[in-house]
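The values are calculated or read from the model by the stated rules, or taken from the named source; none is laboratory data. If you're wondering where the values come from, they're calculated on a predicted model, not measured in any experiment. Every residue, glycine among them, receives a Cβ derived from its backbone with ideal geometry; neighbour counts consider all protein chains shown.
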Amino acid sequence: MIIDIVTLFPEFFEPFLKTSIIKRALEANLVQINTHQLRDYSHNKHKKVDDTPYGGGAGMLMQFPPFYDVIKKLKKTSDAKVIMLSPQGILLTQKKATELSKENHLILLCGHYEGIDARVEQLIDEEISIGDYVLTGGEIPAMILTDAVTRLIPEVIHEDSMAEDSLQKGWLKYPQYTKPETYKGYQVPEVLKSGNHQAIETWRKVQSIQSTYQKRPDLIKDIELSDLEKKILDEIIQLKKSNG
Ligand SMILES: C[S@@+](CC[C@H](N)C(=O)[O-])C[C@H]1O[C@@H](n2cnc3c(N)ncnc32)[C@H](O)[C@@H]1O
């Protein structure tokens, strides 16, 4: 997988690319991540890439020609996917990240100021938002998307741990604990120390469904429930009703 990131601030990405799992994925050649300075595609001798909006209004807009040129340069094959980071896009979800992790080549466009000349929409495949709020630029959203996608690329992280991650199968992950067993009276649940694998598995399933029901009930409508999950969920709902 190649991820090309077009930005006014390539330096933003330096620590991100040199740290932890992303660094290891790059070193292992599981992903290639390149940053591209948009100013290198400026048509202006001062490397300017923004101007005032037609029709008036506050702020500056990023110009179309540098984006046109950089996309034409980077998109060498038809399977490269051009994604503009934008608060107007569809929300990035684990499902979308999983879908993108199967692509061969992503080209991410980071906006700044008031955003990008709208003609760019004719050159992109997708417009993605990382949440319903407005940030100053697309760099943090591009890092979030890159991180979410890269960790899903085979071999980047342990597949077993990924399969049980929150949202991967719709549910939130069950609570986890590590040593020490007790601290200032705060205990680890007994079942996790029992060595009874079947009991631990059942406890985790119940906890996972309970956490989802309590914290993110909106997720449940998109999950295809197994008979067991449905039974556990019904019991949790009944218990909640009887406890008021
Ligand atoms: C200040 S924003 C521009 C917002 C634009 N004026 C609007 O109202 O839609 C500048 C850039 O930050 C990025 N950005 C801001 N919020 C974002 C979000 N929630 N998700 C993805 N990108 C975002 C986009 O690349 C955007 O072009």
Within the stretch 79-95, of all residues that are more than 8 Å from the ligand (Cβ to nearest atom) and loosely packed, with under 15 Cβ neighbours inside 10 Å, the one nearest to Ile223 (Cα to Cα) is Lys95
For the stretch 106-127, pairs from a residue that is acidic (Asp, Glu) to a residue that is away from the ligand (no atom under 12 Å from the Cβ), with Cβ under 7 Å and 6 or more apart or across chains, are Asp117/Gln63; Asp117/Phe64; Asp125/Lys81; Asp125/Val82; Glu126/Lys81
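Has the stretch 7-19 got any residue that is acidic (Asp, Glu), within 14 Å of Glu139 (Cβ to Cβ) and in the same structural domain as Glu127 (by TED's automatic domain parsing)?
In the first step, residues of the stretch 7-19 are kept if they are acidic (Asp, Glu); the result is 11, 14.
This time we only want the ones that are within 14 Å of Glu139 (Cβ to Cβ), so: 11, 14.
If we keep only those that are in the same structural domain as Glu127 (by TED's automatic domain parsing) as well, we get 11, 14.
Yes: one or more hits.
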Filter the stretch 96-125 for residues that are among the small types (Gly, Ala, Ser) and more than 10 Å from the ligand (Cβ to nearest atom); the one that is surrounded by the fewest Cβ atoms within 10 Å (Cβ to Cβ) is Ala118
(message) Condition check: more than 13 Å from the ligand (Cβ to nearest atom), under 25 Å from Ala148 (Cα atoms) and charged (D, E, K, R). Does Lys76 satisfy that?
(response) yes
Flagged in the stretch 48-72 as in a strand (DSSP E or B) and either in contact with a helix residue (DSSP H, G or I) (Cβ under 7 Å, 6 or more places away or on another chain) or surrounded by fewer than 16 Cβ atoms within 10 Å (Cβ to Cβ) (or both), in numbering order, are Asp51
